[in-house]
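The values are calculated or read from the model by the stated rules, or taken from the named source; none is laboratory data. Only a predicted model underlies this, so the values are computations on that prediction, with no experimental measurement involved. Methodologically, a virtual Cβ is constructed for each residue, glycine included, from the backbone with ideal geometry; neighbour enumeration extends over all protein chains shown.
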Amino acid sequence: MARRTKEEAERTRTRIMASALSLFARKGYDRTTFNDIAARLKLTKGAVYWHFESKEALLLALIDQMLARFQRIIEDRMPARELSFPVVADVMANIAQVVVSEAKASAFFMLMHTQVRWGDASMAQVRESLLVNARFGPMQAFRTALENDRCAGRVRADIAVEEIASTCIALWDGLVQSRIDGFLQCGLGETIRHAYESIWSAIKVLKHTRKR
């Protein structure tokens with residue numbers, strides 16, 4: 001009986017997170033209440049509070065869920081200690097295609113990029129929690145890959161890891177948003193790969209062959 005109760009609680013928690021993601025992405029994080037989430041599932045507000053102590057905790061749970069998915073994708077490809085820039089670039093290009101084709105991934109992207117006012121003082125605790133999140137996300141993946149490449153001599157020793165990683169994330173965000181908005185008419189995955197290939201060409205160590 002205890003196991004069944006635990007499984008039921010987990011199913012309810014999953015349903016709450018799915019409902020919250022849909023409402024956050026459609027109505028906006030600020031305008032969505034626990035009453036909205038509960039009503040959509042025919043639950044009481046107290047039932048939602050039983051699983052999540054605050055709306056911020058619910059948002060962080062959604063973020064952690066998506067980061068866990070990214071972490072699994074990366075780990076399936078290669079251990080973090082062996083990551084290289086081309087591998088992470090390819091994963092990110094593939095994920096971009098998932099974002100524009102999968103409803104849940106698209107809703108999460110819209111939530112993070114258009115439906116949360118990150119600059120508000122009320123989001124300070126959430127921002128802090130994100131900065132110390134133990135999950136291995138895209139930014140960490142690029143940082144790790146670039147450090148690995150530098151140690152292995154695949155890229156120049158003087159590269160600015162933080163700047164390059166930030167540029168890669170901003171580039172990805174912009175191209176995905178452009179596709180969602182209908183402005184990017186060419187292939188999303190291919191465009192991202194070409195952009196990352198340009199960055200890789202600019203930072204990698206060229207192997208010169210000796211002339212005989």
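Name the single residue that is farthest from the chain's Cα centre (by Cα) among those in region 108-144 being outside any helix (DSSP H, G or I) and among the charged types (D, E, K, R).
Of everything passing the filter in region 108-144, D120 is farthest from the chain's Cα centre (by Cα).
Specify which of the listed residues (I180, I169) is of a type outside the set (D, E, K, R), assigned by TED's automatic domain parsing to the domain that holds P79 and in contact (Cβ under 8 Å) with a residue 60 or more places away in the chain.
I180
Can you tell me which residue within region 1-17, out of those that are of a type in the set (A, V, I, L, M, F, W, C) and either assigned by TED's automatic domain parsing to the domain that holds Q115 or at pLDDT below 95 (or both), is nearest to the chain's Cα centre (by Cα)?
Going through the qualifying residues, I end up with A9.
Might you check whether a residue that is polar (S, T, N, Q), part of a helix (DSSP H, G or I), on the phi < 0 side of the Ramachandran plot and in contact (Cβ under 8 Å) with a residue 12 or more places away in the chain occurs anywhere in region 92-99?
Yes, region 92-99 has at least one match.
Each row is one residue, and each column tells you yes or no for (1) touching a residue at least 24 places away in the same chain (Cβ under 8 Å); (2) assigned by TED's automatic domain parsing to the domain that holds R117.
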position: G28; (1), (2): yes, no
position: L62; (1), (2): yes, yes
position: Q71; (1), (2): yes, yes
position: A80; (1), (2): yes, yes
position: S101; (1), (2): no, yes
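Would you confirm whether any residue within region 166-183 is part of a helix (DSSP H, G or I), touching a Lys or Arg at 6+ places or on another chain (Cβ under 8 Å) and at pLDDT 95 or above?
The answer is no; no qualifying residue exists.
Give region 20-38 a look and list any residue that's over 15 Å from E53 (Cα atoms) and either under 19 Å from the mean Cα position of the chain (by Cα) or surrounded by 14 or more Cβ atoms within 10 Å (Cβ to Cβ) (or both), or say none.
L21, S22, L23, F24, A25, R26, G28, Y29, D30, T32, D36
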